[in-house]
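First comes the structure, then the notes that go with it.
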Amino acid sequence: MEGNMFDSPTVANLQMSNRVVYSPFAENQANSDGTVSQQLYEYYLDLAREGTGLVILESAYVAGQGRGSFSQLGLSEERHTEPLYRLVKAMQAEGAAVGIRLSHAGARTSEAICGEQPIAPSVINFGKDYNISREFDEGDIEEISLFFIHAAERAEEIEANLIEINGSQISLFDQCLSKRFNHRFDNYGGPVEGRMRLPTEILKAIKSRISPKLPISYFFSIHDKLDDGFTDADLKTLLHSLSGAKVDIFHPVTIHVMNKFFETDDTLVEWVAKSTRKPIVAEGNIKSPQILKEVIAMGKAQIYALDKAIFTRPNWFSFLQKKIVP
């Protein structure tokens, strides 16, 4: 890693005061209409004031059909933009860069929440709190793409410093990648290239509509797919597909950042670094300075998403500086 934890890096056009990232923890603190609540405003503003280099706002639904909770943040309508703009500018004034994660729940929602039968790559039933999904068709694909494009344009309108696309947390794109949930035999199923077709097509479309200076991060996980036969070759294909879609930053997440993958001594961050020279966010239970030091020592990541436990510690920023800086 170039520099140190507390320098002021520029990563893929993203200027930060330090390399500390707050990754969203599905807070679901928004108002019932998806707008920023006072509680959410104060919560994120405090994170900025305390010294966080980059704060990624919690997953915002890109369309009503992709809403996963009654209290989820939204970026699907113009009414969502003004409150978010005020929050983003207030956080930036405190020295933090601000990202926003765009998400579609896919089958992991209900008609009561999203207003229609959920859609997904295949027919899925996540249990009694959800409704059985229907398989998306060509018309749905075009509509979903527009939802993400317009949400990304709103993210640019609120002057966010980063857009992150949610490909984890059993969201729509995660469902597409998973063999467990994607049983399709058309171009959107089968091998990894097919299962990644929807997110990569949408990423390319977003890239064609927003400023090239606004970086896009892709948030993804594979640990839950290993039992279904996901291999190191599949990971390489996944990263190649995302690189072809001009993703600027890779954000892999796993249960623990130091866990080993594919029966080797390499962590997921190290495996990702083998296939790309693009910046990497390290995330996975980094809840102590010792773990953070181990991740930094690998020299493969440029940004570090710390566990929520660190942020709840009084004077956490000063604490980290004392523990990390020699």
- prompt: Residue check, THR10 against (1) modelled with pLDDT under 95; (2) out of contact with any Ser or Thr (no Cβ under 6 Å at 6 or more places or on another chain), all met but one. Which one?
  reply: (1)
query: Which ones in the stretch 227-239 are out of contact with any helix residue (DSSP H, G or I) (no Cβ under 7 Å at 6 or more places or on another chain), assigned to a helix (DSSP H, G or I) and in contact (Cβ under 8 Å) with a residue 12 or more places away in the chain?
result: ASP228
message: Looking at (1) part of a loop (DSSP other than H, G, I, E, B); (2) of a type in the set (Gly, Ala, Ser); (3) crowded, with 23+ Cβ neighbours inside 10 Å, which one does ALA155 not meet, given that it meets all the others?
response: (1)
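Rundown of residues vs (1) among the charged types (D, E, K, R); (2) at pLDDT below 95; (3) over 23 Å from GLU135 (Cα atoms), yes/no style:
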| position | (1), (2), (3) |
| --- | --- |
| ILE170 | no, no, no |
| CYS176 | no, no, no |
| ARG180 | yes, no, no |
| ALA205 | no, no, no |
| PRO215 | no, no, yes |
| PHE220 | no, no, no |
| ASP227 | yes, no, yes |
message: Restricting to the stretch 8-42, count the residues that are assigned to a helix (DSSP H, G or I) and either within 18 Å of the chain's Cα centre (by Cα) or not aliphatic (A, V, I, L, M) (or both).
response: 4
statement: By residue number, the members of the stretch 272-291 that are more than 15 Å from THR254 (Cα to Cα) and not small (Gly, Ala, Ser) are LYS274, THR276, ARG277, LYS278, PRO279, PRO289, GLN290
- line: Checked the stretch 1-43 for anything in contact with a strand residue (DSSP E or B) (Cβ under 6 Å, 6 or more places away or on another chain) and aromatic (Phe, Trp, Tyr); matches are TYR22
message: Cβ-Cβ under 6 Å, sequence separation 6+ or interchain: first residue in the stretch 261-290 and under 30 Å from ARG313 (Cα atoms) and of a type in the set (Ser, Thr, Tyr), partner at pLDDT 95 or above and assigned to a loop (DSSP other than H, G, I, E, B). Which pairs?
response: THR267/MET258
query: Within the group GLU294, GLU283, which residue is modelled with pLDDT of 95 or more, surrounded by 14 or more Cβ atoms within 10 Å (Cβ to Cβ) and within 19 Å of HIS223 (Cα to Cα)?
result: GLU283
- request: Just name the residue that is farthest from SER37 (Cα to Cα) out of those in the stretch 61-75 that are touching a residue at least 60 places away in the same chain (Cβ under 8 Å) and in contact with a strand residue (DSSP E or B) (Cβ under 6 Å, 6 or more places away or on another chain).
  value: VAL62
query: Does VAL98 count as surrounded by 24 or more Cβ atoms within 10 Å (Cβ to Cβ), in contact with a helix residue (DSSP H, G or I) (Cβ under 8 Å, 6 or more places away or on another chain) and either in contact (Cβ under 8 Å) with a residue 60 or more places away in the chain or charged (D, E, K, R) (or both)?
result: yes
field: Residue count for the stretch 256-287, restricted to those that are part of a loop (DSSP other than H, G, I, E, B) and on the phi < 0 side of the Ramachandran plot
entry: 14
query: Here are LEU203, LEU242, LEU198: which of them is over 25 Å from ILE303 (Cβ atoms) and either among the hydrophobic types (A, V, I, L, M, F, W, C) or not in a loop (DSSP other than H, G, I, E, B) (or both)?
result: LEU198
task: For LEU146, work out the one condition from (1) buried (at least 17 other Cβ atoms within 10 Å of the Cβ); (2) in a helix (DSSP H, G or I); (3) of a type in the set (A, V, I, L, M) it doesn't fulfil.
output: (1)
- line: Filter the stretch 103-139 for residues that are of a type in the set (Val, Ile, Thr) and within 24 Å of the chain's Cα centre (by Cα); the one that is surrounded by the most Cβ atoms within 10 Å (Cβ to Cβ) is THR109
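The values are calculated or read from the model by the stated rules, or taken from the named source; none is laboratory data. Here the structure is a predicted model, which is why all the values come from computation and not from measurement. Ideal geometry is used to build each Cβ from the backbone, glycine not excepted, and the neighbour counts take in all protein chains shown.
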